[in-house]
Amino acid sequence: MKSNLLMNFSVDKENSRVNVEREFAAPVGKVWAAWTQSELLDQWWAPRPWKARTKSMDFREGGSWLYAMVGPEGEEHWAKADYKTINPQKSFSAIDAFCDENGTINQDFARSTWTNTFTEADGTTTVSVVIQYDKYEDIEQIMQMGFKEGFTMALGNLDELLEK
Amino acid sequence: MKGDIFQAIADPTRRAILVLIAAQSMTPNALAEHFDTTRQAVSKHIKVLADCELLTQNKVGREIHYYFNPVKMKEFDHWLTQFKKHWEDRFNQLDQLLINLNSDSNEK
């Protein structure tokens, strides 16, 4: 296994876009499965100590994934992804949203379109995630929400960072 | 936030202004001396930085002094760090999952 897996992260202000790129030491079939099957997503999508818990998953164009991010105190943040396009083992796109447990979208928050592209070379799979917002202000809104609510998670990690 | 903090710090001159002002509060004239551009150009940069609250101003007699506002920068920094960390943690977990998947079965 390669020990230095590439990760790129950038905010493209001009295009109201966040780009994340990461290599994984596995063939595309497995990486694709991990991104598209709820029982696998539940195992990694939420950074510890949060856990993702799927309520329903319908991975097809027009289908959606409804899940909760569950915190250490049992607190729940519901979110969903509406799948738009799917090219098996190559790419898929989805529109995300914050919602309630019934999937009713919270209109207070901007939605963004995720396009995830998978490419394999020599047993390493690169996943490129482009998170497209309608306008730059949406990123700012998410950012400001982050200050107030800890961007849904990873607060413990942040606290550690701040202590340094 | 009135201004756009990403845009504000994307510009190298504005980053240089932040570095100077972080070290010491300055008047626009004193700042302008550090750059090869016109006083007007520096004023414009200052306005962009002030609009997103990276700079605060204080009148001392007839002069305006600009101060660095670390709180704003910290908020921004925290968010980016947090956002990035969020993805890193998530991906580290995926690495582990993939290792498990690989050892479970070696087909595909």
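Any read-out appearing in this document is the output of simple, stated calculations on the displayed coordinates, not a laboratory observation. Owing to the predicted nature of the structure, the values given are computational and were not obtained by experimental measurement. Because the Cβ atoms are built from the backbone with ideal geometry, glycine has one as well, and the counts that use them run over all protein chains shown.
List of remarks:
- Residue-averaged beta-carbon neighbours from other chains (10 angstrom radius) around B:70-82: 4
- Column: log10 I(q)/I(0), Debye, Cα scatterers of region A:8-112, q = 0.12, 0.16, 0.19, 0.24 Å⁻¹: -0.46, -0.83, -1.16, -1.44
- A:GLU137, B:GLU33 arranged by Cβ crowding within 10 Å, fewest neighbours leading: B:GLU33, A:GLU137
- Counting Cβ atoms of other protein chains within 10 Å of each Cβ in A:127-139 and taking the mean gives 1.
- Counting beta carbons within 10 Å around each of A:TYR83, B:TYR67 and listing the fewest first gives the order B:TYR67, A:TYR83.
- The 3J(HN,Hα) values that the Karplus relation (6.51, -1.76, 1.60; θ = phi - 60°) gives for region B:41-49 are, in residue order, 5, 5, 4, 4, 4, 4, 5, 4, 5 Hz. Gly and Pro appear as x.
- The residue list A:PHE118, A:ILE139, A:PRO88 was ranked by how far each Cα lies along the charge dipole of region A:50-151 toward its positive end, using unit charges on Cβ atoms, and A:PRO88 comes out on top.
- Relative compactness, region B:1-67, computed as alpha-carbon Rg over 2.2 N^0.38 Å: 1.01
- Database remark: amide H of B:LEU55 closer than 5 angstrom to the amide H of B:ALA50, B:ASN69 (H placed geometrically; neighbours at sequence offset of 5 or more, or on other chains; Pro and chain starts carry no H).
- Charge-dipole axis of chain B as Lys and Arg at +1 and Asp and Glu at -1 on Cβ define it, positive-most pick from B:LEU20, B:MET73, B:ASN100: B:LEU20
- Using the average count of surrounding beta-carbon atoms within 10 Å as a protection proxy, the listed peptides B:58-65, A:36-43 rank, highest first, as A:36-43, B:58-65.
- Arranged from fewest to most other beta-carbon atoms within 10 Å of their beta carbon, A:ASP12, A:ASP96 become A:ASP12, A:ASP96.
- Here is the tail figure for the protein assembly as shown: Cα pairs spaced more than 29 Å apart come to 42 percent of all pairs.
- Over 32 Å (Cα to Cα) - which of A:LYS51/A:LYS84; A:LYS80/B:LYS47; A:LYS90/B:LYS84; A:LYS13/A:LYS90; A:LYS135/B:LYS59 fall in this group: A:LYS80/B:LYS47; A:LYS135/B:LYS59
- Taking B:THR81, B:THR27, B:THR56 as the candidate residues, the one with maximal mean-square fluctuation in a Gaussian network model of chain B, Cα springs under 10 Å, is B:THR81.
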